[in-house]
1. Hey, which aspartates and glutamates would be in cross-link range of A:Lys370, C-alpha to C-alpha under 19 Å, not counting anything within fewer than 8 residues on its own chain?
2. For the pairs A:Lys351/A:Lys528; A:Lys153/A:Lys268; A:Lys110/A:Lys528; A:Lys244/A:Lys375, note any where the Cα-Cα span goes beyond 24 Å.
3. Kindly put A:Phe469, A:Phe111, A:Phe188 in sequence by how many other C-beta atoms sit within 10 Å of each C-beta, fewest to most.
4. Once you keep just the Cα pairs under 8 angstrom separated by 6 or more residues, what percentage relative contact order results for the range A:267-339?
5. With the radius of gyration and the Kirkwood radius both derived from the Cα set of the range A:2-86, what is their ratio Rg to Rh?
6. Which distance in nm do the two modelled labels at A:Asn377 and A:Tyr4 give, with both placed 7 Å along the Cα-to-Cβ direction?
7. What is the set of long-range amide H partners of A:Lys73 at a cut-off below 5 Å, with H atoms built 1.01 Å from backbone N?
8. Place a +1 charge on the Cβ of each Lys and Arg in the range A:2-86 and a -1 charge on the Cβ of each Asp and Glu, then give the dipole magnitude about the Cα centre in debye, rounded to the nearest 20.
Amino acid sequence: MKRYLHSLFEKASSRLEYLKDLTLHFEIPPNADFGDLSCNAALLLSKKLKRNPRALAEEILSNLEIDKSIIFKAEIAGPGFINFFYTPAYANGIIKKILLGGDSFGRTNKFEGKRANVEFVSANPTGPLTVGHGRNAVCGDTIANLLEWVGYKVDREYYFNNAGRQMRVLGDSVRLRYLELLGDEIQFPDDYYQGEYIKEIAEDLKREYGDSLRDEPAEGKFKNKAEQEIFADIEKTLSSIGIKFALFYNENTLYQDKKIENLLTRLKEKNLSYEKDGAVWLKFSELGNEQDKVIVKSTGEPTYRLPDIAYHITKFERNYDLIIDLFGSDHNATYPDVVAGLQALGYDTTKMKVLIHQFVTIVENGEIVKMSTRKANYITLDELVNEAKADVVRYFFNMRNISSHMNFDLALAKKQSDENPVFYLQYAHARICSILKMVSEQKLIASTDNLHLLNTEVELQLVKKLHQFSEEILKSALQYEIHHICVYLEELASIFHKFYTFCRILGAEKDLAEARLALAGAVKIVIKNGLNVLGVNAPETM
RNA sequence: GCGCCCAUAGCUCAAUUGGAUAGAGCAAUAGCCUUCUAAGCUAUAGGUUAGUGGUUCGAGUCCACUUGGGCGUACCA
């Protein structure tokens, strides 16, 4: 429909000069009295042309050659909006399109042939994933889904580091717990990993090797075993909420492949780095950032910025058209340096999109739970999934704008209460499935032959809501804002539940029943496809 | 101190490049199951969009300041 309206304005612009360099926006008005689509062109132009907006609207409207079979009414309202009203015949056409499109209705090929890389989670294997990681995991996966729905070929990627101080401490934590199991007296430092899982890993080692690891260094079997077991758990947790990564990129390979070394050379050649106090510094201040930062410590060890830049270079070398990083807000100070570095080296950073999500505040019994992997003070994602079900967890994280600070009330999540609207959506889907089962025993078959019989208020509303789905997908994908899908689905389900209450199928006259059946079938497809994007199941019964 | 993010109904959150009467769910109150699943529907109530000023035809949205919170601000990642 928007395409049609654009073409109308296109034609009119041959007579009205001022329409030529205007980017038109059609939006869905807040109120049905204002039509199905609304255009604020006159309001925008009135400022530029210094003319009365309503008069401008009159002039524009009289120059539009509207096809009455598509739009039966177009009128000026309020300060100068032009409101368009669809004919029911046009509106009903969407039902056929949806039934025809089926599982892929809503997909577009806008970005066909393009490749995207979405990096998310990227937690180092030092402990189980927490509820805090859940938001990153779910949102990242859903963004990847959305990109696939608009045509991208998407690689989900997990970046991790199994070297460095954190991992040394991890290995030594396991070593101490192992010695403890052998009966040694140990001093377990406060800043070591306190979690029970460390003891479990130590037990596994004892079972496997007996006491033969007494003189094993922390960074040998202890660290390796820890990494291996923790990573296995992380993958299992992710898989329990339907997330599977195509690629795991280990920071170590950057050293093995000499990418760090090469990067240092390039930075030096470009005169972007210098030595001071025995360390290597990068001239971030010259690149527009706050201050110069150390990239190689005086000990010879790189800081995280250097491998981060090297890592992103590999993404550019792998020729992605779109590179997405999803981080928690604790990274908001680090990514500008990485971007600046890449840009200085000549990479097209407009291909990159860094998304920052705000933290989840865990609330239990009215108190805020502070989480720390080190102190073993956390609630794992596993616990949450076990108690609240994967669908609830996914929906909960999907339904909020990632830039909003969200509270997660554990008690509520565990209760599986109506607080979580995912049931509302799933219930709508289950109700439709139930109807379909019923009618198959009768002699009713969904038909699009008599859609004009769908003429009650709620039926028309439902049809018009269906029109918006494809656009919601596209808009959400372009803005990387997944919560729009949830808002849309809740609105759709709400109208459907009204329809279910007021528009009976069984018992209605045959032609009407079959038309309503077609409408219900279309709603089922859209709800299922929407939930599919969110990674949430659409159950047939509840 | 400085930087980024945030503040909307009792609670959790929406609000389409700045647009029309700020909307949902939960909680509350009052109704609706002999008829396709009541995890549903209907109705009522709930707001100085943290505060003050500014920009303009028009501000929850943009700007300035104030207040309150989150995250950063390392030769940690």
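Read-outs throughout are calculated quantities, based only on the coordinates presented, and are distinct from any laboratory measurement. Only a predicted model underlies this, so the values are computations on that prediction, with no experimental measurement involved. As a convention, Cβ positions derive from the backbone with ideal geometry for all residues, glycine included, and neighbour counts pool all protein chains shown.
1. Cross-link targets: A:Asp190, A:Asp191, A:Glu196, A:Asp330, A:Asp382, A:Glu383, A:Asp409.
2. Working: A:Lys351/A:Lys528 32 Å; A:Lys153/A:Lys268 36 Å; A:Lys110/A:Lys528 22 Å; A:Lys244/A:Lys375 28 Å.
Pairs exceeding the cut-off: A:Lys351/A:Lys528; A:Lys153/A:Lys268; A:Lys244/A:Lys375.
3. Numbers: A:Phe469 23, A:Phe111 20, A:Phe188 13.
Final ranking by Cβ density, sparse to dense: A:Phe188, A:Phe111, A:Phe469.
4. Numbers: 66 pairs, mean separation 14.7, N = 73.
It rounds to 20 percent for the range A:267-339.
5. Details: Rg = 11.8 Å, Rh = 12.8 Å.
Over the Cα atoms of the range A:2-86, Rg/Rh equals 0.93.
6. 6.1
7. So A:Lys73 has HN proximity to A:Phe85.
8. Numbers: 12 positive and 11 negative charges, 55 e Å.
Computed about the Cα centre, the dipole is about 260 debye.
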